[in-house]
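Structure first, commentary second.
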Amino acid sequence: YKQTEVGVIPEDWDVFLIDNCAVKVGSGKTPTGGSSVYVDSGRPFVRSQNVGWGKLDLSDVAYITETVHSTFLGSEIKRDDVLLNITGASIGRCAKADEQVIGGNVNQHVCIIRVDGSKFVPIVLVELINSSVGQNQIDSFQAGGNREGLNFAQVRQLKFALPLTVVEQTAIANVLSDSDALIDALEQLIAKKQAIKSGTMQQLLTGRTRLPAFALRPDGTKKGYKPSELGDIPEDWEVNTLNNLVSFENGDRSSNYPSANEFVDYGIPFINAGHVSDGQINDSIMDYVPEYVYSRLGGGKVKTGDLLFCLRGSLGKFGVIDKDFGRGAIASSLVIVRPNLKRTSTDFVASYFKSGTCKKMIDLWAGGAAQPNLGARELGMFLVPIPQREEQTAIATILSDMDNELQALTQKLEKARALKQGMMQQLLTGKIRLPLAVGA
């Protein structure tokens, strides 16, 4: 190892400026007429929103005609070009051009860095720019740390430690690409599982699909359907209101409500709408009140099995108080929903809150306002298609199992991302060297 201006690096590595390796550093421009000249197909026109951290997002890519493209030849995207956002909130995001955008163009917010492939493997440059090494340099160029913009001279001055041989650079790139492939595969699997779960939930919670144990009459014939306020439902289901299935408890809105100076760093959780999402309570960003404030509250104290529903702000989001939560109280933006356990369960009501039927009820009772909101009275009027208790439990169990599978996959994805970050830190600084074939 040896000491350099970027720190300690392997003795057979060197420090490169992008300027030492680049054959092009430049951006494009927006066509005259702006978005009005975009077409449904043609040459891809890459904007900053299309450049993510290490990969392109082309879900909303624009297109321009051949005529417009012919006036932008200086910004035509070539194979292996590195695309870097140089202005706006997404400054610093970097990705390599893929087959879908080759031959297209970039606008003025995206810089093309085209490097000499005999000196610099492009995907390694992407990883370096997106790493803390690259992002710290980009931050240092911004006046006051606002990350307002990079000019081409600053892009050329970005410096990185690299192996002198393209062979070792390629080996590093291959390891990181394998990690990306695993991450992409997990993301796609999670998206597929989420889509399956959404479809399954819609079918089961409306009775369009019946579980085998509940699909037949005692004589073995298939159960039918009947009309209801919510459309056709199974013949042995009913439509009820939330009022008949749960009880509600609002937070204390009297003078006992905590004042701004009564919140503390540690104490009893005081839950507001910002702490509730995806059926869970996010206690990593929790607010707290001391014991004396909690004890004076006349209502809104949570218990295990309660659901918390957002009445405004994050309208419709909800979370469940699990057995490990302990004590807590709610802000006025929430309402406690307590299932009547003789008629329903926490899991079934949670599934209902995720359903399309619930979303329709929210639109019905809160739609049209500039800032939609609900009260417990309106929430209690929500219509619920509901089977007998045994079938509720079976449906909730299936959906819960799917949630658990998604949670396990999400944890696996987070672990894969963390492992890649760790590998980047080691491989891109030379702290760990890859074993190369003899003579490589």
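The values are calculated or read from the model by the stated rules, or taken from the named source; none is laboratory data. Since the structure is predicted, the reported quantities are computational estimates derived from the model, not experimental observations. Cβ: placed from backbone, ideal geometry, glycine included. Neighbour counts: every protein chain shown. These area figures cover heavy atoms from the full protein model, side chains too; ligands, DNA and RNA do not enter into them. Shrake-Rupley method; radii C 1.70, N 1.55, O 1.52, S 1.80 Å.
A few comments on the model shown:
- Residues of the range 94-126 classified as over 24 Å from the mean Cα position of the chain (by Cα), of a type in the set (V, I, T) and part of a strand (DSSP E or B), total: 4
- Elements of the type strands (runs of 3 or more DSSP E) sitting completely within the range 268-383 and holding at least 1 residues that are buried (at least 20 other Cβ atoms within 10 Å of the Cβ), β-branched (V, I, T) and in contact with a Leu (Cβ under 6 Å, 6 or more places away or on another chain): these cover 318-320, 334-339.
- In the range 258-278, the residues that are within 17 Å of D322 (Cα to Cα) form Cβ pairs under 8 Å with partners that are of a type in the set (D, E) and part of a strand (DSSP E or B), at six or more places apart or across chains, as follows: P269/D287; F270/D287; I271/D287; N272/D287; H275/D287.
- Which numbered condition C111 misses (of (1) open to solvent by 10 Å² or more (accessible area, probe 1.4 Å); (2) touching a residue at least 40 places away in the same chain (Cβ under 8 Å); (3) not β-branched (V, I, T)): (1)
- In the range 232-257, the residues that are over 30 Å from V302 (Cβ atoms) and touching a residue at least 24 places away in the same chain (Cβ under 8 Å): I233, P234, D236, W237
- Of the strands (runs of 3 or more DSSP E) entirely within the range 155-265, those holding at least 2 residues that are surrounded by 13 or more Cβ atoms within 10 Å (Cβ to Cβ) and in contact with a Gly (Cβ under 8 Å, 6 or more places away or on another chain) occupy 159-163, 246-250.
- Of the strands (runs of 3 or more DSSP E) lying entirely inside the range 1-87, those containing at least 1 residues that are open to solvent by less than 50 Å² (accessible area, probe 1.4 Å) and within 22 Å of L125 (Cα to Cα) are 2-4, 7-9, 13-17, 22-27, 43-46, 82-85.
- Whether a residue is within 21 Å of the chain's Cα centre (by Cα), among the small types (G, A, S) and within 21 Å of M402 (Cβ to Cβ) was assessed, and S355 passes this test.
- Boolean, L186 is over 23 Å from S400 (Cβ atoms) and modelled with pLDDT of 95 or more: no
- Selection within the range 399-422: residues that are touching a helix residue (DSSP H, G or I) at 6+ places or on another chain (Cβ under 8 Å) and open to solvent by 60 Å² or more (accessible area, probe 1.4 Å). The member of this set that is nearest to Q203 (Cα to Cα) is E405.
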